[in-house]
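Notes follow once the structure below has been shown.
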Amino acid sequence: MIEAVIFDWAGTTVDYGCFAPVQAFRDAFAHFGIQVTLEETRKPMGMLKREHIRTMLNMDRICAEWKEVTGHSPGTEDAEAVYAQFEPKLFSILADFSSPKPHTLETVAALRAMGLKIGSTTGYTDAMMNMVVPKAAEQGYTPDCWFSPDAVNGIGRPYPYMIFENLKALGVSCTKSVVKVGDTVSDIKEGLSAGVWSVGIIEGSSELGLSQKEFEAMSPSERSKACLKTEAVFRSAGAHFVLPSLSQLPQLISALGI
């Protein structure tokens, strides 16, 4: 019997397309003369932000460009230097990227009407969440609890510890009574690591990587192709289920049993 749903934030419930961190990451690298692509930026999405930067610096192309521009291979101090640029850039725009995605409010209301508890995990820090959470609440989205990597000694996704903190706070009886919903490979792996049902959401996801305007401007065939590609990524990561949007989640929960 399903007792709780644990959502990710950016790209899943707020910030359609997960653009706030993408913009901040790209700006941070550009400060050092390194131009990173959207694909490179989005690949580690969902991780703790410092780990995200370290992962990007270890990518072959970025590593080679960093060495060419700076004269040395990137190390720990370089990752910290990029993070020092990233954090203030993200803080400067976070409040503008906290609006709930389409279907978020209706879906959460439907889940609560079914008697479910609502938790959340994130790749943001507590300080970042302290900006995002009130802004989302002003627009109607307030989960019962949320935990960032700060709550688990900085050990974020794909490790399961943020989910475990949710289980304790929500008083859930067992892992199989929980559904984790996210928009990145890191989200999927986090759910699998915790032993809960792991669900990927396509529309508005970081993996899809499109703004709402871009997505809606696509032809039906283009949209189908892009969605199938994203679904394949989630399924390859081990997702138990992949849904087109949050609006299908209550039906899935009913099928799993409440």
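The values are calculated or read from the model by the stated rules, or taken from the named source; none is laboratory data. On a predicted model such as this, the values are computed, not experimentally measured, just so you know. Cβ: placed from backbone, ideal geometry, glycine included. Neighbour counts: every protein chain shown. Calculation scope for accessible area: heavy atoms of the full protein, side chains included, ligands and nucleic acids excluded. Shrake-Rupley method; radii C 1.70, N 1.55, O 1.52, S 1.80 Å.
To the nearest Å, what is the center-to-center distance of segment 49-84 and segment 129-158, using C-alpha atoms only?
27
Hand me the tally of lysine pairs in segment 107-203: alpha carbons under 19 angstrom apart, and the pair either on different chains or 8 or more positions apart. Don't jump to the answer; show the numbers that get you there.
Values: LYS117/LYS168; LYS117/LYS176; LYS117/LYS180; LYS168/LYS176; LYS168/LYS180; LYS176/LYS189; LYS180/LYS189.
So the count of such lysine pairs works out to 7.
About the Cα centre of segment 4-131, how large is the charge dipole given +1 on each Lys and Arg Cβ and -1 on each Asp and Glu Cβ? Please answer in debye to the nearest 20.
Values: 12 positive and 16 negative charges, 79 e Å.
It comes to approximately 380 debye.
Per-residue HN-Hα couplings for segment 31-41, Karplus 6.51 cos²θ - 1.76 cosθ + 1.60 at θ = phi - 60°, whole Hz, x for Gly and Pro?
4, 9, x, 10, 9, 9, 7, 4, 4, 5, 5
May I ask for the angle, rounded to the nearest 10°, between helix 161-170 and the longest principal axis of the chain, with both axes built from Cα atoms and the value confined to 0 to 90°?
30
I'd like the accessible area for ARG61, computed on protein heavy atoms only with a 1.4 Å probe and all protein chains in place. Round to 10 Å², please.
Approximately 100 Å² for this residue.
Roll a 1.4 Å probe over the protein chains and send me the accessible area per residue for segment 50-161 in Å². Let's see the in-between values first.
On the way: 5260 Å² over 112 residues.
Accessible area per residue, segment 50-161: 47 Å².
Kindly write out, for segment 63-70 in residue order, the coupling ³J(HN,Hα) from the Karplus curve 6.51 cos²θ - 1.76 cosθ + 1.60 (θ = phi - 60°), rounded to whole Hz, with x marking Gly and Pro.
4, 5, 5, 4, 5, 5, 6, 9
At 7 Å along the Cα-to-beta-carbon direction for both ILE93 and ALA255, put a label point, then send me their distance in nm to one decimal.
The answer from the label model is 3.6 nm.
Provide the net charge surrounding GLU3, with neighbours chosen by a C-beta distance below 15 Å and charges set as Lys +1, Arg +1, Asp -1, Glu -1.
Values: positive: ARG112, LYS117, LYS168, LYS176, LYS180; negative: ASP144.
Here the charged neighbours net out to +4.
Provide the per-residue ³J(HN,Hα) series for segment 7-21, in order, calculated from phi with Karplus coefficients 6.51, -1.76, 1.60 and θ = phi - 60°, each as a whole number of Hz, with x at glycine and proline positions.
For segment 7-21, the Karplus curve yields 9, 6, 9, 4, x, 10, 10, 10, 6, 3, x, 6, 8, 4, x Hz.
Would you work out the relative contact order for segment 1-138, in percent, from Cα pairs under 8 angstrom that are 6 or more residues apart?
40
Would you calculate a helix-derived [θ] at 222 nm for the chain, using -39,500 (n - 2.57) for each DSSP H run of n ≥ 4 and dividing by the full residue count, to the nearest 500? Don't skip to the end; give the middle numbers.
Details: 12 runs with 129 residues, N = 258.
After summing the helix terms and dividing by residue count, I get -15000 deg cm²/dmol.
Could you tell me the accessible area of CYS18 in Å² (1.4 Å probe, neighbours in place), rounded to the nearest ten?
Accessible area of CYS18: about 0 Å².
Among PHE29, PHE164, PHE19, what's the order by accessible area (1.4 angstrom probe), most exposed first? Walk me through the numbers before you get to the answer.
Numbers: PHE29 0, PHE164 75, PHE19 55 Å².
Heavy-atom accessible area, descending, gives PHE164, PHE19, PHE29.
Sorting check: for 232-238, 166-172, which peptide has the highest mean count of neighbouring beta carbons within 10 Å, and how do the rest follow? Before the final figure, lay out the partial values.
On the way: 232-238: 16.1, 166-172: 18.1.
So the peptides 232-238, 166-172, ranked by packing, come out 166-172, 232-238.
Please list the non-local residues whose amide H lies under 5 Å from the amide H of ILE6, H modeled 1.01 Å from N, same-chain partners needing a gap of 5 or more.
Sorted by chain and number, the residues that satisfy this are GLY119, VAL179, LYS180, VAL181.
Rolling a 1.4 angstrom probe over the protein chains, ignoring ligands and nucleic acids, what is the accessible area of LYS117 in square angstrom, nearest 10?
Roughly 80 Å² of LYS117 is accessible to a 1.4 Å probe.
Determine the gain in length on full extension of the stretch ASN58-THR175; use 0.36 nm per residue of separation and subtract their C-alpha separation, reporting nm with one decimal. The partial results should precede the final answer.
Working: separation 117, 0.36 × 117 = 42.12 nm, distance 3.39 nm.
Extra length from ASN58 to THR175 when fully extended: 38.7 nm.
Could you please report the charge total around SER206, scoring K, R as +1 and D, E as -1 over all other residues with beta-carbon less than 15 angstrom from its beta-carbon? Before the final figure, lay out the partial values.
Details: positive: ARG26, ARG42, LYS43, LYS49, LYS101, ARG157, LYS189, LYS229; negative: ASP8, ASP15, GLU39, GLU40, ASP183, ASP187, GLU190, GLU203, GLU207, GLU214, GLU231.
Taking every other residue near SER206 into account, the sum is -3.
At R0 = 45 Å, how high is the FRET efficiency between GLU222 and CYS145 if r is their beta carbon distance? Nearest 0.05 is fine. Could you put the intermediate results ahead of the total?
Details: r = 39 Å, r/R0 = 0.86.
That pair, GLU222 with CYS145, gives E of 0.70.
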